[in-house]
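**Q** Below you will find the structure I want to go over with you.
The values are calculated or read from the model by the stated rules, or taken from the named source; none is laboratory data. All values derive from a computational prediction rather than experimental measurement. Cβ: placed from backbone, ideal geometry, glycine included. Neighbour counts: every protein chain shown. Just so you know, the surface numbers come from the protein's heavy atoms only, side chains and all, with ligands and any DNA or RNA stripped out. Shrake-Rupley method; radii C 1.70, N 1.55, O 1.52, S 1.80 Å.
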Amino acid sequence: MLPGAAPAALLAALSLFAPGSGQPSAPLPERMADTGGGTQLITAVAPGTGATSGTVTWWDLEDGRWVAAGTAKARFGANGLVEGAARRQGTHTTPTGLYGLPYAFGTEAAPRGTAYPYRPVRQDSWWCQDGDSRSYNRWSEPLAADCRAAEAEHLITYRTQYAHALVVDFNYHRPVRGRGAGIFLHVNGRGATAGCVSVPEEAMRRILRWADPARGPHLAIGTEGGHTAITRY
């Protein structure tokens, strides 16, 4: 052990207490303004808005107490994170906020035990990001006639990243054109994302086996502090 360094177990124990209080710190979901009303929650936390990496944790509400079911290292947009309502398309930023998770999809079969509706990616599966299209921020199969291919994502092209994914309802139910399209929780690629949240493939598979749409899971994205602090959402 290095001089002055505390054992890992001691550091872990100290992290359970609120600074200066001597009292156990409440689990992150209990310190948030809103968790979506369900009994499952995924949190994606970055150190600050300029970060491209952080931590994803998935939680269960058990007997009135939030309990972590798993955790994994996460990646964010290449240009960090930004308040969801202020985000602009093409900025490679991950939108902060609290979002539902409408359905899952993948270039590979759903992990055994997946309860979420799971859409297979086919050769003619696209995600339209064309602000002039009626299919803006929607799965399009085949590509809609009014959606330019240059303004759409050919999903099968990203076999690694979209091996398994969950659609994030950022700008989804009532799309604001120009705010952004195609935000997912998906498998890691080579580096930071174009605005999504990504995790290692095994973590993504674990999340899909864990997530139960009947329990209303949401994804909260935010930073440790500041105006985009995850506790604000």
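**Q** For region 218-228, enumerate the residues that are open to solvent by 10 Å² or more (accessible area, probe 1.4 Å) and not in a loop (DSSP other than H, G, I, E, B).
**A** Once the filter is applied, which keeps residues that are open to solvent by 10 Å² or more (accessible area, probe 1.4 Å) and not in a loop (DSSP other than H, G, I, E, B), region 218-228 yields only His218.
**Q** Pairs, please: C-beta under 7 Å, at least 6 apart or cross-chain, first residue in contact (Cβ under 8 Å) with a residue 24 or more places away in the chain and in region 141-167, second hydroxyl-bearing (Ser, Thr, Tyr) and in a loop (DSSP other than H, G, I, E, B)?
**A** Filtered contacts from region 141-167: Leu155/Ser125; Leu155/Tyr162; Ile156/Thr107; Ile156/Ser125; Arg159/Thr107; Tyr162/Thr107; Ala163/Thr107; Val167/Tyr103.
To keep it simple, each residue is scored yes or no on (1) in contact (Cβ under 8 Å) with a residue 12 or more places away in the chain; (2) over 22 Å from Ala33 (Cα atoms); (3) not basic (Lys, Arg); (4) not in a loop (DSSP other than H, G, I, E, B).
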position: Asp169; (1), (2), (3), (4): yes, no, yes, no
position: Val176; (1), (2), (3), (4): no, yes, yes, no
position: Gly182; (1), (2), (3), (4): yes, yes, yes, no
position: Met204; (1), (2), (3), (4): yes, yes, yes, yes
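**Q** Which residues, counting only those in region 197-217, are touching a strand residue (DSSP E or B) at 6+ places or on another chain (Cβ under 7 Å), open to solvent by 10 Å² or more (accessible area, probe 1.4 Å) and either over 18 Å from Trp59 (Cβ atoms) or modelled with pLDDT under 95 (or both)?
**A** Within region 197-217, Pro200, Glu201 meet the criteria.
**Q** Search region 3-56 for residues being hydroxyl-bearing (Ser, Thr, Tyr) and at pLDDT below 95, and hand back the single one that is least open to solvent (accessible area, probe 1.4 Å).
**A** Ser25
**Q** Give the residues of region 142-167 that are assigned to a loop (DSSP other than H, G, I, E, B), over 18 Å from the mean Cα position of the chain (by Cα) and within 24 Å of Ser198 (Cα to Cα), sorted by residue number.
**A** Of everything in region 142-167, just one residue is assigned to a loop (DSSP other than H, G, I, E, B), over 18 Å from the mean Cα position of the chain (by Cα) and within 24 Å of Ser198 (Cα to Cα), namely Arg159.
**Q** Does Thr107 qualify as being on the phi < 0 side of the Ramachandran plot, modelled with pLDDT of 95 or more, in contact with a Leu (Cβ under 6 Å, 6 or more places away or on another chain) and not hydrophobic (A, V, I, L, M, F, W, C)?
**A** No.
**Q** When only residues in region 152-172 that are open to solvent by 70 Å² or more (accessible area, probe 1.4 Å) and touching a Gly at 6+ places or on another chain (Cβ under 8 Å) count, which is nearest to Thr114 (Cα to Cα)?
**A** Thr160
**Q** Tell me which of these His186 doesn't satisfy, since it passes every other one: (1) surrounded by fewer than 22 Cβ atoms within 10 Å (Cβ to Cβ); (2) free of Cβ contacts under 8 Å to residues at least 60 places away in the same chain; (3) not aliphatic (A, V, I, L, M).
**A** (1)
**Q** Any residue in region 38-51 that's within 10 Å of Thr223 (Cα to Cα): show its pairings with residues that are of a type in the set (Phe, Trp, Tyr) and open to solvent by less than 10 Å² (accessible area, probe 1.4 Å) at Cβ separation under 6 Å, as long as the two are six or more apart or on different chains.
**A** Pairs found: Ala46/Phe76.
**Q** If Ser140 meets every condition in (1) open to solvent by less than 50 Å² (accessible area, probe 1.4 Å); (2) closer than 30 Å to Ala69 by Cα; (3) hydroxyl-bearing (Ser, Thr, Tyr) apart from one, which number is that one?
**A** Checking Ser140 against (1) open to solvent by less than 50 Å² (accessible area, probe 1.4 Å); (2) closer than 30 Å to Ala69 by Cα; (3) hydroxyl-bearing (Ser, Thr, Tyr), the one that fails is (2).
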